[in-house]
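The structure under discussion appears below in the form of structure tokens.
Coordinate-derived values only; no laboratory data. This structure is a prediction, so every number in the text was calculated from the model and none was measured. Neighbour counts are summed over all protein chains in view; Cβ atoms, including those assigned to glycine, are modelled from backbone coordinates with ideal geometry.
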Protein chains: 2
Amino acid sequence: MAPRGLPEPVLIRGTGLLGTSIGLGLRAAGADVYLADPSPSAQAVAEDIGAGLAYPGDLSGAPTATGSSGDTGTTPDGTGALPGTVVVASPPDVTGQVVIDSLLRFPGAVVLDIASVKGQIQRQVRAGVVDGVLTEAQAARYVGTHPMAGRERSGPVAARGQLFTAAPWVVCADQDTAPQAVAAAEEIAQILGATVHRMSAEDHDASVALISHLPQIAASLVSSRLQETPAASLALSGNGLRDTTRIAASDPQLWVQILAGNAPDILRILYGVREDLDRLITTMEDPTAPGARLDIAQLIAEGNAGHARIPGKHGAPPQAFAVVTVIVDDTPGQISAVLQDVGQAGVNVEDLRMDHSAGHEVGMLEISVLPGRKQELMDALGAQGWKVV
Amino acid sequence: MAPRGLPEPVLIRGTGLLGTSIGLGLRAAGADVYLADPSPSAQAVAEDIGAGLAYPGDLSGAPTATGSSGDTGTTPDGTGALPGTVVVASPPDVTGQVVIDSLLRFPGAVVLDIASVKGQIQRQVRAGVVDGVLTEAQAARYVGTHPMAGRERSGPVAARGQLFTAAPWVVCADQDTAPQAVAAAEEIAQILGATVHRMSAEDHDASVALISHLPQIAASLVSSRLQETPAASLALSGNGLRDTTRIAASDPQLWVQILAGNAPDILRILYGVREDLDRLITTMEDPTAPGARLDIAQLIAEGNAGHARIPGKHGAPPQAFAVVTVIVDDTPGQISAVLQDVGQAGVNVEDLRMDHSAGHEVGMLEISVLPGRKQELMDALGAQGWKVV
């Protein structure tokens, strides 16, 4: 029943959305899980929904090694086994400190964290070695990871064991990392249904600066401009604005920690954005000047080129699917009825979106299919009486 | 059969995606439609798919008035009636010129255009009056409109009569516009299933600069940064990046015309964006300085505030729906089966998204429902054996 390769019990430090979700997923796979959170109420919720048991030891005060040979020890009060694996799921700001605390406190345990910026934590651990706080052997038991999953809500109540299904889970080992630390991290990712991506902390941080932090900043910058907009203007909003700003509803406190923690990588990208923006502004200040139109077209074309590199579903190229749009009434069962007919036509739905606009009681269901199946699907749906656009 | 309030026949000048779609929709409603496009092949496609008949008159050369009392005249060759309404669906760059040509050529006709920037065309028509090219009475027969619909593809082959269903259609009349011009424009919008929004050309252009042109620029700026990104970084891409950049695949030639045509309104917004970006860059250059973190949090919080103002479906507030996520296999019929169970539970689907990531054969179906129905739906789907996240 218990997962192989994962030293147990697993102690999860931090029972927010991610920590609690990891606990739920590991428990579902039969692992022994302890939970600890500085907030007793957050911890109680996580326990109540079955993410693990309260850690019976005391994690307050300066760390003292409480076991010397890993999973054979017990907690000081004798009621529980010492953790074989510690998952640090604290807020990004304090993650490095909790990692070091865990390495000192549990000399036999593998320690991994799940914060979304990796370089700064790795540097904190290395600095611990330089400063003599940690031995090299202690530091080697640490491995940084980043499960790239989230929800629109936070906190343990929103936690789900399936949160990581099909999500990328980055594991940032270096030449000093102990093999059993990497093995434990990858085992957790696999148990939770995620895909392991191995890369250096430097490559990870440069990647997320571009694919996660830049989109967040762009969405916030665009949304910020909407603060004073008349309602009549916003009533014209379409999916272009909605898509571009969807992630702008993010938590400021979390994002301060992420952006400040990855400042150098993000800055490198923002300098490039500012250069492009300055060029566009200069061009648009005199749009009839020679070359001005070419410059504007160039910006859009460069966006085309970059956009075309984003991989699609299952790694397919982004434009690989054809879209069939069906007009549906806004009543229960309509969408299901369309998709039932799609299924009966034997055509697989590669992607799906509802497109609607304010003030209408109909919606457009956009069904992405393989291009070779498009006409067949349109014919089949048309024959069933659907309005296919 | 023929629509009331719409002077017929309708001549559509320009048979691209929008012109052809308008033709299809008007024909479906029983209106007489003529088509004319400088490209014989584009026009032939539009005719073939039933968007209207070839205009029998000659539109080349300098305009000469070919009718003096509206829809009672016939074309010079005597084979067709003179248009009662002219819809100018030319590329934005030449729209003003084709509008003036149409006002001169058809003294009895209402003339409307559908270009996505309105001020510059209105100014061209007014300049025509000042320069003595047009009389005030001729200019009064013009009304600018903007149907806010589009597809990922262009050209007449992609045209659909239902393209405008539930879309906003802005009508920009001023105090000089003839009532029958406004009536004809609004009749067309209604026939095609769109919602009429009346506003001045100035308000329209300021609105679209914010809700359409700024998102396009932001998506292009973000996507442009992806041009040199290693594939291993892009493999981590999630819906945040995909959503933020979805519209970056737009046509550079079309967008040059749109952005150059609305430069002053867009510039006003871009100055604000540059100010925010400069502030963010300065802050991130020294993220440990006093107040730096507050500054970053402020940017995200301002994005929250702006984002919260975007109206949702049917004008509802954006965060009004709760999301139930169901894990589905990537096989035909799975999504339909889920939604059938949703329908049987009597819960209406307010919005729908597929969420998937590269390399996985499962997907997450995100179903938005009214918050009061969420638990009930989760229970119902769980009872049917679905993995509800």
Answer in debye to the nearest 20: the dipole magnitude of chain A about its Cα centre, from +1 Lys/Arg and -1 Asp/Glu charges placed on Cβ, is 280 debye
Evaluate peptide B:333-345: per residue, the Cβ atoms of other protein chains within 10 Å of its Cβ; return the mean as an integer.
6
Most fluctuating residue given options B:I310, B:I188, B:I22, as computed from a GNM of chain B linking Cα atoms under 10 Å
B:I310
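If you average over every viewing direction, what projected area does the convex hull of the Cα atoms of chain A give, in nm²?
Result: a mean projected hull area of 25.0 nm².
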Mean other chain Cβ within 10 Å across A:114-121 is 0
Can you list the residues, at least 5 places off or on another chain, whose amide H is less than 5 Å from the amide H of B:V111, using H built in the peptide plane?
B:V86, B:Y142, B:V143
I'd like the FRET efficiency for A:Q344 and B:S60, computed as 1/(1 + (r/R0)^6) with the beta carbon distance as r and R0 of 41 Å, rounded to 0.05.
0.20
On average, how many beta carbons from a partner chain sit within 10 Å of the beta carbon of a residue in B:185-198?
1
Compute the signed sum of charges (Lys and Arg +1, Asp and Glu -1) over the other residues within less than 13 Å, Cβ to Cβ, of A:V99.
+3
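Can you tally the net charge around A:T283? Count Lys and Arg as +1, Asp and Glu as -1, for every other residue whose Cβ sits under 10 Å from the Cβ of A:T283.
-2
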Quick one: label points 7 angstrom along Cα→Cβ at A:R123, distances to the other copies in nm, smallest first?
5.0
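With both partners inside chain B, how many of the DSSP beta bridges are antiparallel, as a percent to the nearest 5?
Details: 20 of 41 bridges.
Around 50 percent of the beta bridges assigned by DSSP in chain B are antiparallel ones.
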Only helical DSSP H runs with n ≥ 4 go in: add -39500 (n - 2.57) per run for the protein assembly as shown, normalise by residue count and round the 222 nm mean residue ellipticity to 500 deg cm²/dmol.
-13000 deg cm²/dmol
For segment A:206-307, what is the charge dipole size about the Cα centre, in debye to the nearest 20, if Lys and Arg each add +1 at the Cβ and Asp and Glu each add -1 at the Cβ?
220 debye
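Tell me whether the protein assembly as shown comes out rounded, prolate or oblate; compute the Cα gyration tensor, take square roots of the eigenvalues as a ≥ b ≥ c, and use a/c under 1.5 as the rounded threshold.
It is prolate, given that a/c is not under 1.5 and a/b is the larger ratio.
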How long are the three semi-axes of the equivalent ellipsoid for segment A:186-227, computed from the Cα gyration tensor as the root of 5 times each eigenvalue, in whole Å, largest first?
31, 14, 5
Compactness summary of segment A:116-243: radius of gyration and Dmax from Cα atoms, Å, are 19.5, 63
Simple label model, 7 Å out from Cα along Cβ direction - A:Q97 to A:A158, nm
2.5 nm
Cα long-axis angle, helix B:252-261 against chain B (0 to 90 degrees, to the nearest 10)
70 degrees
How many nanometers, to one decimal and shortest first, lie between the label point of B:S60 and those of its other copies, if labels sit 7 Å from Cα toward Cβ?
9.2
Counting only Cα, what are the radius of gyration and maximum Cα-Cα distance Dmax of segment A:243-300, in Å?
16.0, 46
Most positive-pole-ward Cα, B:V256, B:A184, A:L365, against dipole of the protein assembly as shown from beta carbon charges:
A:L365
Cα-based helix-to-principal-axis angle, A:17-28 vs chain A, degrees rounded to 10
70 degrees
Let me know the charge dipole size of the protein assembly as shown about its Cα centre in debye, to the nearest 20, where only the beta-carbon of Lys, Arg (+1) and Asp, Glu (-1) is charged.
320 debye
With R₀ set to 45 angstrom, the calculated FRET efficiency between the beta-carbons of A:L53 and B:R279, to the nearest 0.05, is 0.45
Please figure out what share of the DSSP beta bridges in the protein assembly as shown is antiparallel and state it in percent, rounded to the nearest 5.
50 percent
Between A:A140, A:L35, A:C172, whose Cα lies farthest towards the positive end of the dipole of segment A:10-199 when Lys and Arg beta carbons carry +1 and Asp and Glu beta carbons carry -1, centred on the Cα centre?
A:C172
Looking at chain A as a GNM with Cα springs under 10 Å, which of A:D203, A:D351, A:D101 has the largest mean-square fluctuation?
A:D351
So, in nm and shortest first, the distances from A:A183 to its counterparts in the other copies, with label points 7 Å along Cα→Cβ, work out as 8.4
Cβ under 14 Å from A:P179's Cβ, A:P179 left aside: what net charge do those residues give with Lys, Arg +1 and Asp, Glu -1?
-2
Solution diffusion estimate, µm²/s, Stokes-Einstein, segment A:206-307, Kirkwood Rh from C-alpha pairs, 25 °C, viscosity 0.890 mPa s:
157 µm²/s
Expressed in nm², what is the orientationally averaged projection area of the convex hull enclosing the Cα positions of segment A:10-199?
9.7 nm²
